[in-house]
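First comes the structure, then the notes that go with it.
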Amino acid sequence: MKPIRRLIRVAALCGVQVALVSQAYPGELTLPRNGWASWQVPAVEEAPAWCCLSWNGNGRDVSPMTCRLDRRSGANFGYGSRDNETTDSVRVYARMAGGKVDRLHAFAAACPVETATPIHEIENVVPDDSARWLIDLVRGKSADEDLTEDALAALAMHRGKVAGDALAGMARDPRKETRKQAVFWLAQLRGAEGADITSSVMFNDKDPDVREHAAFALSETESPRATADLIRLGNTDKDDDVRAQAWFWLAQTGAVEAEAAIVAALRKDPDPDVREEAIFALSQLPDERAPRALIAAAEDRSLSREQRKQAVFWLAESKSHLAQVYLEKVLEVGTD
């Protein structure tokens, strides 16, 4: 599919002009006191072409749609891109109310948008100035969680060292939610450097919830270190829930080493809940690997009876033909 090539801006039907009473904002940007403002900067390498998408019936086929910026909820506001489509520039949209930001979005520059009032264009914005403006917004104590997350997503899309260094710092922010969001966007958009920082947080953050979130973020990357790091986390983290989630996310990656690592955890992890979660993790392997791994566990008499029963349970939950054939054989033996 061809990328969307034009940007649509819809003004209010009443024809009221955007307020030109501007206010200087941190980061060397001058924004209107009220209404929407927009500016464009270079995007990080291989940045996804974020836009609004509509899902057609089967939940897989997608087509671009105009983003209605004044709406907060609904299908309009998932960050998404089609067919690994990328962009070399990002456009930031900020809505001002009384001199303060009350809504923020970042989309590929070619993404079509619609607003109830005209958009005030800010020309020739220096990328680092835009990044600093977003940094100040994230650090502001008055920013709500949604605004902070939107600002972090926009910042991660910005090309350059200022944005990257700021995200690395925010991955160690005193605020737990800021750390979680920062590591997610570092992993998603900042390449090898972002994966390295995410891995460091995954092993060193004091909060198990953050370590668990970092494991999820790393599993969503194509980093060559992800598999080994998730296995290490599953084997070494002091928190039972983090170890269990490491096996879940490892299975989700589909790494070839996943089965062996998870089965090893079944035999040696000291916590019974982690061992139970490891069985569930086997059910998350892609394609026919899941039923094959579960069948092997069900027939492995070195495992406990309870573990083998759990493997059969998840086989019964599977829609795989291989799983159904195996269960039918088990039932036939049981009725002989």
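The values are calculated or read from the model by the stated rules, or taken from the named source; none is laboratory data. The shown structure was predicted, so the numbers you read here are calculated from the model rather than taken from an experiment. Here the Cβ positions follow ideal geometry from the backbone for every residue, glycine too, while neighbour counts run over all protein chains shown.
Rundown of residues vs (1) buried (at least 22 other Cβ atoms within 10 Å of the Cβ); (2) more than 26 Å from E85 (Cα to Cα), yes/no style:
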residue: Q181; (1), (2): yes, no
residue: F184; (1), (2): yes, no
residue: D205; (1), (2): no, yes
residue: P208; (1), (2): no, yes
residue: F216; (1), (2): no, no
residue: A226; (1), (2): yes, no
residue: R232; (1), (2): no, yes
residue: G254; (1), (2): no, no
residue: A258; (1), (2): yes, yes
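Output the residues belonging to region 136-181 that are among the small types (G, A, S) and over 26 Å from G99 (Cα atoms). Step through it out loud before you land on a result.
If we filter region 136-181 for residues that are among the small types (G, A, S), which is where we start, we get 140, 142-143, 151, 153-154, 156, 160, 163-164, 166, 168-169, 171.
Once the filter is applied, which keeps residues that are among the small types (G, A, S) and over 26 Å from G99 (Cα atoms), region 136-181 yields G160, G164, A168, G169, A171.
Select from region 120-150 the residues that are in contact with a strand residue (DSSP E or B) (Cβ under 6 Å, 6 or more places away or on another chain), surrounded by 23 or more Cβ atoms within 10 Å (Cβ to Cβ) and either part of a loop (DSSP other than H, G, I, E, B) or modelled with pLDDT of 95 or more (or both) and list them in ascending order.
Scanning region 120-150 gives S130, A131, W133.
Restricting to region 151-186, and then to whatever is assigned to a helix (DSSP H, G or I) and basic (K, R), can you tell me which residue is farthest from the chain's Cα centre (by Cα)? Reasoning before the result, please.
Step one: filter region 151-186 for residues assigned to a helix (DSSP H, G or I), giving 151-157, 161-170, 176-186.
Now restrict to residues that are basic (K, R): 161, 176, 179-180.
Values: K161: 22, K176: 16, R179: 13, K180: 10 Å.
By that ranking, first place goes to K161.
Got a number for residues in region 109-132 being closer than 25 Å to K161 by Cα, within 23 Å of the chain's Cα centre (by Cα) and among the hydrophobic types (A, V, I, L, M, F, W, C)?
Final tally of qualifying residues: 3.
Of all residues in region 68-97, count the ones that are part of a loop (DSSP other than H, G, I, E, B) and either closer than 23 Å to A131 by Cβ or modelled with pLDDT of 95 or more (or both). Steps first, please.
Filtering region 68-97 for residues part of a loop (DSSP other than H, G, I, E, B) gives 69-74, 78-79, 81-85.
From the residues that got through so far, the ones that are either closer than 23 Å to A131 by Cβ or modelled with pLDDT of 95 or more (or both) too are 69, 79, 81.
Number of matching residues: 3.
Might you let me know whether region 268-280 holds any residue that is in contact (Cβ under 8 Å) with a residue 12 or more places away in the chain and over 24 Å from E212 (Cβ atoms)?
No: zero hits.
Which number in (1) closer than 16 Å to W39 by Cα; (2) in the same structural domain as G35 (by TED's automatic domain parsing) marks the one condition that A151 misses?
Result: A151 fails condition (2) only.
Which of the residues belonging to region 151-165 are out of contact with any strand residue (DSSP E or B) (no Cβ under 9 Å at 6 or more places or on another chain) and aliphatic (A, V, I, L, M)? Lay out the reasoning, then the answer.
So the first thing to find is which residues in region 151-165 are out of contact with any strand residue (DSSP E or B) (no Cβ under 9 Å at 6 or more places or on another chain), and the list is 152, 161-162, 165.
Across region 151-165, the qualifying residues are L152, V162.
Could you say which residue among R305, R289, R275 is among the charged types (D, E, K, R), farther than 20 Å from L218 by Cβ, assigned by TED's automatic domain parsing to the domain that holds D241 and at pLDDT below 95? Let's see the steps before the verdict.
Numbers: R289 fails: at pLDDT below 95; R275 fails: at pLDDT below 95.
The conditions single out R305.
Kindly establish whether R175 is surrounded by fewer than 21 Cβ atoms within 10 Å (Cβ to Cβ) and modelled with pLDDT under 95. Even if it seems obvious, please write down each step before you answer.
Numbers: surrounded by fewer than 21 Cβ atoms within 10 Å (Cβ to Cβ): yes; modelled with pLDDT under 95: yes.
Taking the combined requirement at face value, the residue satisfies it.
Failed condition for D241, given (1) over 30 Å from L167 (Cβ atoms); (2) modelled with pLDDT of 95 or more, with all others met?
Status for D241: all satisfied but (1).
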